[in-house]
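Engineer: Sharing a structure with you now.
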Amino acid sequence: MTIDAAGLDLLFKEARSHNKWTDAPVSDETLQELYDILKFGPTSANSSPARFVFIRTKAGKDKLAPALSAGNLDKTMSAPVTAIVAYDPKFFEKLPKLFPHNPDAISWFTSNDSLAATTAFRNGTLQGAYLMIAARSLGLDAGAMSGFDNTKVDAAFFGYNGWRSNFLVNIGHGDASGVFDRSPRLPFDEACMLA
């Protein structure tokens with residue numbers, strides 16, 4: 001089974017990072033559906049370390065605003081939803097549930113702090129990419145960004161659970177007037193090797 005050309009355009013070839021948004025809302029049910037799609041993307045040992053905060057209220061945006069760089073403030077405040085893509089450094093505590101066929105898997109991480117940190121960050125980032133693809137598959141637009149103070153975000157949203165922010169993704173129905181011309185991409189021979 002393969003995806004057709006229209007699907008590839010929707011997910012990748014014609015998809016763009018958005019900076020302006022229409023007033024069309026994104027429902028909580030759509031956010032649930034988005035998560036229910038992205039959660040099936042693979043992670044090592046099914047670790048699933050990503051955690052998501054879907055900020056869609058004025059109070060939530062006001063809480064986030066002090067952490068944003070000046071260049072990201074307006075587009076984030078106007079986006080219907082801003083997702084904090086975070087990760088749980090203690091993701092391995094869920095492995096008995098997520099990786100039940102190997103009861104010893106938790107020990108891989110409790111005995112190796114470096115492996116646990118790398119696994120959490122790498123796979124949480126991967127799940128953030130799944131989030132953007134899932135959003136596009138549902139007809140939503142996305143705009144991922146850095147340009148914020150992780151320490152402030154973590155203090156404002158994760159002081160009680162120890163999660164750590166990775167990056168932000170604005171989600172909604174994009175206004176095409178806020179899209180830049182597509183920047184070049186590296187050709188295969190500059191970005192890839194065959195071995």
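Engineer: For K152, put the label point 7 Å out on the Cα→Cβ axis and report which residues of the stretch 68-91 keep their amide N under 19 Å from it.
Structural biologist: What the label zone holds, given the 19 Å backbone N cut-off, is 68-79, 82-86.
Engineer: To the nearest 0.05, how large is the calculated FRET efficiency for N161 and L138 if R₀ is 22 Å and r is the Cβ-Cβ distance? Write down the numbers at each step before the final one.
Structural biologist: On the way: r = 27 Å, r/R0 = 1.25.
It comes to 0.20.
Engineer: Based on Cβ point charges of +1 for Lys and Arg and -1 for Asp and Glu, what charge dipole magnitude is obtained for the chain about its Cα centre, in debye rounded to the nearest 20?
Structural biologist: Details: 19 positive and 21 negative charges, 77 e Å.
Roughly 380 debye for the chain.
Engineer: Fully extended, how many nm does the chain gain between L115 and I37 (0.36 nm per residue separation, minus their Cα-Cα distance)?
Structural biologist: Length gained between L115 and I37: 25.4 nm.
Engineer: I need the trypsin sites (Lys or Arg not before Pro) found in the stretch 97-195, filtered to DSSP loop residues with at most 12 other beta carbons within 10 Å of theirs. Before the final figure, lay out each step's value.
Structural biologist: Numbers: sites: K97, R122, R136, K152, R164, R182, R185; in loops: R182, R185.
In loop regions of the stretch 97-195 (DSSP not H, G, I, E or B), the sparsely surrounded trypsin sites (Lys or Arg not before Pro) are R182, R185.
Engineer: Starting from 0.36 nm per residue, how many nanometres of slack lie between A70 and A176 once their C-alpha separation is accounted for? List each step's numbers first, then the result.
Structural biologist: Numbers: separation 106, 0.36 × 106 = 38.16 nm, distance 2.16 nm.
Extra length available between A70 and A176 comes to 36.0 nm.
Engineer: Separate question: Taking Rh as the Kirkwood radius, which is the inverse of the mean 1/r over Cα pairs, what is the Rg/Rh value for the chain? Mind showing how you got there, number by number?
Structural biologist: On the way: Rg = 17.9 Å, Rh = 18.1 Å.
Here Rg/Rh amounts to 0.99.
Coordinate-derived values only; no laboratory data. Nothing here was measured: the structure is a model prediction, and the numbers come from that model. We place every Cβ from the backbone using ideal geometry, glycine too, and count neighbours over all the protein chains shown.
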